[in-house]
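Q: The structure follows.
The values are calculated or read from the model by the stated rules, or taken from the named source; none is laboratory data. Not measured: the values here are computed from a predicted model. Ideal geometry is used to build each Cβ from the backbone, glycine not excepted, and the neighbour counts take in all protein chains shown.
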Amino acid sequence: MKLITRHPIPFALAALVLLAALWPLPPLVDAVTGQPPGDADLLRPFFYVALAPLSNTLDALTFLSLGRAWVLIGTWVVALAAWGALRPGSPPRRVLRAGLGAAAVFLLAAATVVVPRPVPRLESADSSATVIDYHAHTAASHDGRRGWSPADLAAWHAAQGFQASYVTDHNVPYPPLSPPGDLAIRLLPGVEWSVYRQHVVALGEVRPINRDSFSRDTPAMLRLFGELHRQGALAIASLPEYWENHREDLEAFVTAGVDGFEIVNCAPKGLAFPPAARRDVLELAAGHDLLVAGASDNHGWGKVTCVWNVTHPAAHGFQANHVFARPVALAQGAHPAWEAAITQPWLMLRSLGWSERISWLTWIALIVLYRAQPRRQGQAAGLGILARSLGTRPPDRG
């Protein structure tokens with residue numbers, strides 16, 4: 001009992017890790033049915049599991065909608081700064097602790113975006129299907145990561161189980177490499193056209209267009225679908241634009257010839273798509289036999305995707321593609337921003353597999369044992385057994 005009272009935070013965290021197992025989330029769900037896929041699984045590398053507290057935390061930060069991300073970061077900056085400032089110690093020491101607490105949050109956010117790390121990969125049991133991404137970017141996009149080449153994009157996808165990806169840079173058609181070079185997966189031609197209050201993902205080899213002629217108003221924008229068909233390409237309406245700006249126009253999208261809708265988009269703005277809106281779009285797409293797709297929308301920032309597409313080349317329309325997504329990402333539109341600092345960690349803990357839970361509990365136990373080691377008299381708490389090497393050695397008695 002004394003050990004618990006001396007180290008309440010690690011024990012509380014261990015209790016939460018175990019408690020969350022009573023309400024588990026599957027590693028993947030079908031974004032159409034909401035059920036775990038029967039023919040696909042998410043494989044976690046050894047080092048991902050061994051470093052599960054870090055791996056899972058960075059994933060959870062990656063899968064935040066934009067509003068929830070700002071709230072979570074702000075809340076934890078204030079909480080850790082206050083915790084450091086209110087602990088006993090001299091004023092300079094309290095200020096230092098407060099600054100370190102706030103800095104830790106920003107460093108963790110930066111690590112989420114740029115630090116290399118092991119990532120889960122999708123494995124499909126259907127050998128006839130292709131794991132594909134319908135929407136991704138290189139440095140050719142104005143908001144792409146500098147130096148993010150097609151080879152980088154291919155390697156990013158390959159590490160997560162993709163076999164192919166469309167390259168859909170903003171308003172820059174992708175010219176496939178000829179010869180294709182040493183790419184980890186197939187990269188397919190596409191483009192993301194920015195027109196009147198809408199982004200349209202064109203899949204296939206497309207020619208440049210005069211965007212001004214499609215950017216005057218909604219009727220002008222809708223004519224883009226026909227132009228893409230004349231070029232032999234498919235037209236997919238991208239999130240979040242079609243829902244934020246054209247939710248009353250979706251029947252007109254169908255009439256004008258849209259080929260499908262994104263229903264999951266891993267960009268922070270796209271993750272805010274509400275579940276009720278997704279159901280409405282699924283009903284519309286199913287009724288007109290239109291493609292539904294998931295999009296990593298990766299611009300070279302962040303190391304992990306929230307969605308995979310398992311597509312069947314012989315099929316078409318609504319049944320041609322299965323969209324498998326991480327539940328933490330799908331939940332973003334279901335929770336208000338103000339509760340992100342609480343619900344995002346809870347969603348993360350619910351989504352752990354048992355190998356990850358054991359990793360969490362192991363790290364918690366190691367930290368508690370380390371900090372519980374006895375110290376010499378007069379040495380400050382907080383460094384555990386390491387304090388033995390920092391203080392003045394007692395005088396020899398012999």
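Q: Looking at P189, P274, P268, P219, which is the one that is without any contact (Cβ under 8 Å) to a residue 60 or more places away in the chain and under 28 Å from the mean Cα position of the chain (by Cα)? Full working, then the answer.
A: Details: P274 fails: without any contact (Cβ under 8 Å) to a residue 60 or more places away in the chain; P268 fails: without any contact (Cβ under 8 Å) to a residue 60 or more places away in the chain; P219 fails: under 28 Å from the mean Cα position of the chain (by Cα).
Residue meeting the stated conditions: P189.
Q: Could you count how many residues in the stretch 315-358 are of a type in the set (S, T, Y) and more than 15 Å from V17 (Cβ to Cβ)? Give the derivation first.
A: First, pick out the residues of the stretch 315-358 that are of a type in the set (S, T, Y): 343, 351, 355.
Filter once more, keeping what is more than 15 Å from V17 (Cβ to Cβ): 343.
So the answer is 1.
Q: Then there's this: Within the stretch 170-184, does at least one residue satisfy the condition of being within 27 Å of D41 (Cβ to Cβ) and surrounded by 21 or more Cβ atoms within 10 Å (Cβ to Cβ)? So that I can check it myself, show each step before the final result.
A: At the first step, the residues of the stretch 170-184 found to be within 27 Å of D41 (Cβ to Cβ) are 183-184.
Checking which are surrounded by 21 or more Cβ atoms within 10 Å (Cβ to Cβ) leaves us with none.
No, the stretch 170-184 contains no residue that is within 27 Å of D41 (Cβ to Cβ) and surrounded by 21 or more Cβ atoms within 10 Å (Cβ to Cβ).
Listed here are the residues, each with its yes/no results for (1) in contact with a helix residue (DSSP H, G or I) (Cβ under 7 Å, 6 or more places away or on another chain); (2) outside the structural domain of R145 (by TED's automatic domain parsing); (3) acidic (D, E); (4) modelled with pLDDT of 95 or more.
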position	(1), (2), (3), (4)
D297	yes, no, yes, yes
T305	no, no, no, yes
F324	no, no, no, yes
W360	yes, yes, no, yes
L366	no, yes, no, no
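Q: If you don't mind, another one. I need every pair where a residue in the stretch 194-212 that is assigned by TED's automatic domain parsing to the domain that holds L250 and touching a residue at least 40 places away in the same chain (Cβ under 8 Å) has its Cβ under 6 Å from the Cβ of a residue that is surrounded by fewer than 18 Cβ atoms within 10 Å (Cβ to Cβ) and not in a strand (DSSP E or B), sequence separation at least 6 or different chains.
A: Within 6 Å, the pairs are R197/N245.
Q: What is the one condition in (1) surrounded by fewer than 15 Cβ atoms within 10 Å (Cβ to Cβ); (2) over 19 Å from I358 (Cβ atoms); (3) in contact (Cβ under 8 Å) with a residue 12 or more places away in the chain that L43 does not satisfy?
A: (2)
Q: State whether one or more residues within the stretch 202-216 are hydroxyl-bearing (S, T, Y) and over 16 Å from H299 (Cα atoms).
A: yes
Q: Let me ask you something else. Can you report the number of residues in the stretch 71-100 which are part of a helix (DSSP H, G or I) and over 25 Å from H335 (Cβ atoms)? Write out each step before concluding.
A: Pass one, the stretch 71-100, residues part of a helix (DSSP H, G or I): 71-86, 91-100.
Restricting the remaining residues to those that are over 25 Å from H335 (Cβ atoms) gives 84-86, 91-100.
Within the stretch 71-100, residues that are part of a helix (DSSP H, G or I) and over 25 Å from H335 (Cβ atoms) number 13.
Q: Condition (residue is closer than 25 Å to V115 by Cβ and either under 16 Å from the mean Cα position of the chain (by Cα) or not in a helix (DSSP H, G or I) (or both)) applied to the stretch 26-40: is it met by at least one residue? Spell out the reasoning first.
A: The first filter runs over the stretch 26-40 and keeps only residues closer than 25 Å to V115 by Cβ, leaving 27-28.
Then keep just the ones that are either under 16 Å from the mean Cα position of the chain (by Cα) or not in a helix (DSSP H, G or I) (or both); that gives 27-28.
Within the stretch 26-40 (the criterion being closer than 25 Å to V115 by Cβ and either under 16 Å from the mean Cα position of the chain (by Cα) or not in a helix (DSSP H, G or I) (or both)), the answer is yes, since at least one residue qualifies.
Q: Is it the case, given these coordinates, that R68 is within 27 Å of P118 (Cβ to Cβ) and not polar (S, T, N, Q)?
A: Working: within 27 Å of P118 (Cβ to Cβ): yes; not polar (S, T, N, Q): yes.
So R68 passes the test.
Q: Based on this model, can you work out whether G378 counts as modelled with pLDDT under 95, touching a Lys or Arg at 6+ places or on another chain (Cβ under 8 Å) and of a type outside the set (S, T, N, Q)?
A: No; evaluated as a whole, the condition is false for this residue.
Q: Does at least one position in the stretch 311-318 carry a residue that is at negative phi, touching a Pro at 6+ places or on another chain (Cβ under 7 Å) and either modelled with pLDDT of 95 or more or assigned to a loop (DSSP other than H, G, I, E, B) (or both)? Working first, answer last.
A: Kept after step one, since they are at negative phi, are these residues of the stretch 311-318: 311-316, 318.
When the remaining residues are screened for being touching a Pro at 6+ places or on another chain (Cβ under 7 Å), the result is none.
Within the stretch 311-318, not a single residue is at negative phi, touching a Pro at 6+ places or on another chain (Cβ under 7 Å) and either modelled with pLDDT of 95 or more or assigned to a loop (DSSP other than H, G, I, E, B) (or both).
Q: Picking from L64, L19, L80, L58, which residue would you name as being out of contact with any strand residue (DSSP E or B) (no Cβ under 6 Å at 6 or more places or on another chain), surrounded by fewer than 17 Cβ atoms within 10 Å (Cβ to Cβ) and not assigned by TED's automatic domain parsing to the domain that holds A158?
A: Working: L64 fails: surrounded by fewer than 17 Cβ atoms within 10 Å (Cβ to Cβ); L80 fails: surrounded by fewer than 17 Cβ atoms within 10 Å (Cβ to Cβ); L58 fails: surrounded by fewer than 17 Cβ atoms within 10 Å (Cβ to Cβ).
Checking each option against the conditions leaves just L19.
Q: Still on this structure, I have one more. With the requirement that a residue be in a helix (DSSP H, G or I) and of a type outside the set (S, T, Y), what does the stretch 181-224 give you? Quick ask: steps written out before the conclusion?
A: Of the stretch 181-224, the ones in a helix (DSSP H, G or I) are 211-214, 218-224.
Answer for the stretch 181-224, where residues must be in a helix (DSSP H, G or I) and of a type outside the set (S, T, Y): R211, D212, F214, P219, A220, M221, L222, R223, L224.
Q: Do the conditions hold for G190, that is, is it surrounded by 16 or more Cβ atoms within 10 Å (Cβ to Cβ), closer than 30 Å to P26 by Cα and in contact with a strand residue (DSSP E or B) (Cβ under 9 Å, 6 or more places away or on another chain)? Full working, then the answer.
A: Values: surrounded by 16 or more Cβ atoms within 10 Å (Cβ to Cβ): yes; closer than 30 Å to P26 by Cα: no; in contact with a strand residue (DSSP E or B) (Cβ under 9 Å, 6 or more places away or on another chain): yes.
So G190 fails the test.
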